[in-house]
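The values are calculated or read from the model by the stated rules, or taken from the named source; none is laboratory data. Remember, it's a predicted structure, so these values are computed and weren't measured experimentally. For neighbour counting, all protein chains shown are included, and Cβ atoms are generated from backbone atoms with ideal geometry for every residue, glycine included. Remember, those area values only see protein heavy atoms, side chains included, never the ligands or the DNA or RNA. Shrake-Rupley method; radii C 1.70, N 1.55, O 1.52, S 1.80 Å.
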Amino acid sequence: ISACLVGSEMCIRDSTMIIKRPRGTYDIFGSELNLKDFLIKKMEESSKKYNFRRMITPIFEHKELFTRNIGETSDIVSKEIYDFKDKSNRDLALRPEGTIGVVRSIVENKLLHTNPLPLKYYYYGSMFRYERPQSGRAREFNQFGIESIGIYSKYQVIEVIQLAMSFLKELNLENFILKINYIGCFETRLKWIDSLKEYFKKYENDLSNDSKERINKNPLRILDDKIDGSKEFVKNAPSISEFYNKEEIKSFDEFKTLFKKLKINFEHDSSLVRGLDYYSGLVFEVIGVLPNKSNTQTIIGGGEYFHLTKELGEKENWSCGFALGIERFYDFYLECNNNKFENDFIDFYLLPLTENALDYINENNLISNLRKEGYSIDINYTFAKLDKQLKQSRKHNPKYLIIVGDDEIKNKTIKVKSQITMKEEIINCHNFLNEISLIVN
Ligand code: HAM
């Protein structure tokens with residue numbers, strides 16, 4: 001019998017209930033996980049160099065936290081929150097992003113009063129948005145994020161942006177563009193939004209149905225809509241810069257001067273608005289430009305925010321942060337490296353040809369000493385013939401094989417064979433650590 005029960009995620013096949021992963025989620029394993037772990041490790045190292053410390057916040061929070069603070073007009077609140085009631089009837093939600101949880105934690109744990117400012121935190125983990133799954137958009141995805149809270153200098157905002165770009169540069173990725181815009185304060189934005197509403201009403205018939213709905217709710221989203229965003233009248237819509245007050249003109253100019261002084265290449269994109277409502281001042285995105293130019297994706301998004309600490313119970317604080325989408329970064333990294341990732345190796349694969357050979361390896365503490373030195377090791381326990389073990393070893397992708405048979409036991413040696421150069425060396429078992437380090441280096 002084969003009958004579908006719930007879409008394609010659950011079905012009965014031969015009287016067994018087959019349950020698949022929910023739509024928009026992914027299992028991550030093998031070389032994909034190796035590379036994602038490697039990228040996170042690199043970002044963690046970079047963040048620590050800038051004195052950011054890790055923070056872990058809950059994966060679910062009170063729903064109110066997000067509905068109040070991400071903004072009524074953002075798509076995340078109106079359509080994309082993954083909310084649920086728990087057994088005590090509490091309204092909870094899976095976090096759609098990391099900033100709000102970090103700020104909530106900072107306020108709740110009074111960190112602004114017990115630590116020097118700015119508070120500098122990084123975080124990574126799963127985020128959840130009920131989006132229509134498509135390339136670059138999942139319902140469960142991973143972010144690596146940074147928040148610098150209680151900022152008192154523009155240099156600290158620039159530092160956050162430099163850190164964002166160092167993630168890419170340290171991995172030798174150069175095909176990206178830093179886009180910036182200045183979106184001013186709430187009052188300035190309200191004036192801009194009102195004028196956009198008026199403007200788009202005149203072009204209502206030329207807009208898609210989605211955009212038509214946004215005219216009154218969130219006209220900013222029309223500006224970066226995939227289809228409507230490229231239409232000439234949308235490009236000519238009023239720009240936020242027409243509504244800046246004197247301080248905002250000065251502030252944006254100062255930022256641009258700093259970028260130039262510090263030789264940070266950027267593009268000013270006056271249509272860059274960001275999908276979350278809490279930003280004020282400078283916002284930015286890093287766009288990966290793949291060799292196939294039509295395939296550009298926003299890898300990093302962030303900016304300054306001011307009101308969040310106040311909305312959550314403290315006074316206002318200038319803050320700045322960004323988040324990088326790990327799945328998009330992974331695709332971008334692979335694409336830039338012709339789909340090759342060199343880190344998918346184990347250091348040593350051991351081939352004891354007999355049980356005696358394994359005893360000899362253990363008596364000489366070969367495995368434990370190599371692991372203590374930080375090498376990754378796996379062992380073939382089949383005691384099969386050399387040919388068969390060599391064939392099996394290929395699937396493990398080792399950098400070196402260590403082969404031990406009767407000859408090695410008799411001569412108190414081990415055989416080390418590089419899988420890169422295919423060179424074989426016989427080394428003395430008593431001094432194996434030193435000799436191996438000479439071979440490996
Ligand atoms: P965001 O622009 O909503 O900003 O998300 C940041 C990044 O997460 C995006 O540029 C993208 O790479 C990735 N991303 C977002 N949604 C998805 C999805 N459905 N599937 C896969 N990847 C996705 C924020 O989340 C802000 N909290 C950033 C921030 C931190 N601003 C200040 N501090």
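Shown are 83, 406, whose ranking by accessible area with a 1.4 Å probe and every protein chain present, most to least, is 406, 83. With helices as the sole contributors, the chain gives -10500 deg cm²/dmol at 222 nm; each DSSP H run of n ≥ 4 counts as -39500 (n - 2.57), and the sum is divided by every residue. Taking label points 7 Å from Cα along the Cα-to-Cβ direction, residue 11 and residue 29 give a separation of 2.1 nm. Applying 0.36 nm per residue to the separation of residue 311 and residue 378 and subtracting their alpha-carbon distance, the gain on full extension is 18.8 nm. For the set 169/372; 231/256; 179/235; 41/423; 49/372; 263/340, the pairs lying more than 22 angstrom apart at their alpha carbons are 169/372; 231/256; 41/423; 49/372; 263/340. Full extension of the chain segment joining residue 19 with residue 190 gains 56.8 nm, where the gain is 0.36 nm per residue of separation less the Cα-Cα distance.
Counting only residues at least eight positions apart within a chain, or on another chain, the aspartates and glutamates with an alpha carbon under 15 Å from that of residue 48 are 147, 159, 170. Calculated FRET efficiency, residue 140 to residue 394, Cβ-Cβ distance, R0 = 35 Å: about 0.55 to the nearest 0.05. Calculated FRET efficiency, residue 109 to residue 362, Cβ-Cβ distance, R0 = 51 Å: about 0.55 to the nearest 0.05. Using a simple spin-label model with pseudo-atoms 7 Å out from Cα toward Cβ, residue 421 and residue 202 lie 7.3 nm apart. Compared with the direct C-alpha span, the chain from residue 42 to residue 217 gains 59.0 nm at full extension, assuming 0.36 nm per residue. Taking all protein chains as they are arranged and a probe of 1.4 Å, the heavy atoms of residue 141 leave approximately 30 Å² accessible to solvent.
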